[in-house]
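The values are calculated or read from the model by the stated rules, or taken from the named source; none is laboratory data. This structure is a prediction, so every number in the text was calculated from the model and none was measured. Cβ sites come from the backbone with ideal geometry, for glycine too, and all protein chains shown count toward neighbours. Note: accessible area is taken over every heavy atom of the protein model, side chains too, but ligands, DNA and RNA are not part of it. Shrake-Rupley method; radii C 1.70, N 1.55, O 1.52, S 1.80 Å.
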Amino acid sequence: KAGVTQTPRYLIKTRGQQVTLSCSPISGHRSVSWYQQTPGQGLQFLFEYFSETQRNKGNFPGRFSGRQFSNSRSEMNVSTLELGDSALYLCASSPGTSGNEQFFGPGTRLTVL
Amino acid sequence: TQLLEQSPQFLSIQEGENLTVYCNSSSVFSSLQWYRQEPGEGPVLLVTVVTGGEVKKLKRLTFQFGDARKDSSLHITAAQPGDTGLYLCAGGGASNDYKLSFGAGTTVTVRA
């Protein structure tokens with residue numbers, strides 16, 4: 001099976017702009033989670049989608065949003081970018097029906113200037 | 001504040017030595033996972049432990065889940081340069097809570 005794919009791998013934006021990141025889960029996986037990873041804060045949970053519904057949400061401002069499509073692919077959007085949003089954004093997929101094992105993609109490295 | 005505390009934060013050892021990484025919490029987890037992450041890549045799942053007191057072995061890696069399901073350890077025997085990476089522990093909540101809480105990670109460097 002192909003692994004989790006994320007696009008783009010690298011992105012440079014300026015403050016105030018918005019950005020959309022994309023994630024394609026492992027075939028058959030219906031759950032997609034998003035995490036932000038920074039040197040100072042480590043891996044922080046953003047949100048999780050299952051069958052197009054958000055099931056869990058972390059403690060991030062409303063500028064961070066996501067959605068999931070009927071084919072389980074997911075997008076994450078960040079509006080009004082701030083310098084502190086610079087991070088590695090990781091997407092993880094799982095079957096979603098039991099347990100918590102997640103399979104991560106390579107991430108999107110976002111740099112906000 | 002991290003829900004899961006990992007120690008040490010950094011570890012640098014010579015090839016052939018043993019090492020242990022610890023993951024502690026005041027919370028009880030239904031499961032605990034260990035991941036290894038290499039630079040520029042996403043974390044890769046190594047193991048999942050779900051039963052208090054459980055011990056799992058993966059070649060030279062031994063994982064243990066505490067009896068109270070609040071802590072875990074990862075022991076590597078005869079470390080090799082290929083073991084270099086960021087080791088992350090992650091705790092899962094109840095079966096209907098699909099969120100993982102991650103520790104800050106332990107950066108392991110194995111020198112040849």
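Within segment A:67-113, being among the small types (Gly, Ala, Ser), over 20 Å from residue B:39 (Cβ atoms), crowded, with 16+ Cβ neighbours inside 10 Å and out of contact with any Ser or Thr (no Cβ under 6 Å at 6 or more places or on another chain) holds for A:72, A:74, A:93, A:99. The listed residues are A:6, A:36, and the only one of them that is under 17 Å from residue B:3 (Cα atoms) and modelled with pLDDT of 95 or more turns out to be A:36. In the set (1) at negative phi; (2) in contact with a strand residue (DSSP E or B) (Cβ under 9 Å, 6 or more places away or on another chain), residue A:70 fails one condition alone, (2).
When each of A:88, A:11 is tested for being away from chain B (no Cβ under 12 Å) and in contact (Cβ under 8 Å) with a residue 24 or more places away in the chain, the lone residue that passes is A:11.
Just name the residue that is farthest from residue A:87 (Cα to Cα) out of those in segment A:24-50 that are small (Gly, Ala, Ser), in contact (Cβ under 8 Å) with a residue 24 or more places away in the chain and open to solvent by 30 Å² or more (accessible area, probe 1.4 Å). Ranking the qualifying residues of segment A:24-50, first place goes to A:28.
Residues in segment B:23-54 that are over 19 Å from residue B:93 (Cα atoms) and open to solvent by 80 Å² or more (accessible area, probe 1.4 Å): B:38, B:39, B:41, B:44.
Looking at A:63, A:55, just one residue is surrounded by 13 or more Cβ atoms within 10 Å (Cβ to Cβ), in contact with a strand residue (DSSP E or B) (Cβ under 9 Å, 6 or more places away or on another chain) and more than 27 Å from residue B:34 (Cα to Cα), and that residue is A:63. Screening residue B:73 with (1) more than 14 Å from chain A (Cβ to nearest Cβ); (2) touching a strand residue (DSSP E or B) at 6+ places or on another chain (Cβ under 8 Å); (3) open to solvent by 40 Å² or more (accessible area, probe 1.4 Å) gives one miss only, at (3).
Just the residues that are of a type in the set (A, V, I, L, M, F, W, C), surrounded by fewer than 16 Cβ atoms within 10 Å (Cβ to Cβ) and within 14 Å of chain A (Cβ to nearest Cβ), please, taken from segment B:76-112. B:94, the sole residue that qualifies.
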